[in-house]
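Encoded as structure tokens, the structure appears first; notes follow it.
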Amino acid sequence: MLDYLYALSLLSITVTLFYLTKSCFAFKGEIPYQGEEITNRIEKVHKVLDELTDIINDFAQGLPSPDIAQMPSNPLMSILASIMTPKPMPSEHGETQEQKERQIHEINENPTQIETEHS
């Protein structure tokens with residue numbers, strides 16, 4: 001009984017393989033035609049997108065645009081430009097007025113026991 005089941009399974013696999021191979025050859029013949037159809041659809045979508053970008057571009061050209069500073073192409077140049085731009089300094093910077101007298105601390109030549117332990 002088990003042998004009949006094996007034989008039936010082998011026969012069904014063989015028949016299925018025949019139909020699978022036949023359908024693959026039929027599919028292989030359709031690939032060039034379907035490829036052309038896909039290409040045509042992509043070209044249509046491309047044309048629609050081009051028209052939309054043209055419309056958006058025309059609309060953007062009509063709007064007034066503020067002057068935008070051009071960014072340097074090199075990141076190093078943008079860093080240098082930000083460093084080199086003149087920045088307003090505070091009014092206290094570089095005062096020429098005379099400085100106030102400061103208290104002068106004398107040096108202690110005889111350190112205490114706590115000071116010698118820390119050094």
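Given the Cα-Cα distance of HIS105 and LYS28 and 0.36 nm per residue of separation, how much length would full extension add, in nm?
Numbers: separation 77, 0.36 × 77 = 27.72 nm, distance 9.79 nm.
Going from the current span to full extension adds 17.9 nm.
Suppose R0 equals 25 Å. What FRET efficiency, 1/(1 + (r/R0)^6) with r the Cβ-Cβ distance, do ILE83 and ILE56 give to the nearest 0.05?
Numbers: r = 38 Å, r/R0 = 1.51.
Computed FRET efficiency for ILE83 and ILE56: 0.10.
If we count other beta carbons within 10 Å of each Cβ, what is the order of MET77, MET84, MET1, fewest first? Show your work: numbers first, answer last.
Working: MET77 11, MET84 8, MET1 4.
With the sparsest Cβ surroundings first, the list reads MET1, MET84, MET77.
Sort ARG102, ARG41 by Cβ crowding within 10 Å, fewest neighbours at the top.
Details: ARG102 6, ARG41 10.
Neighbour counts put them in this order, fewest first: ARG102, ARG41.
Throughout, read-outs are computed from the coordinates displayed, never taken from laboratory work. Predicted model, so just to flag it, every value in this text is computed and none were measured. Here the Cβ is made from the backbone with ideal geometry for all residues, glycine too, and neighbour counts use every protein chain on show.
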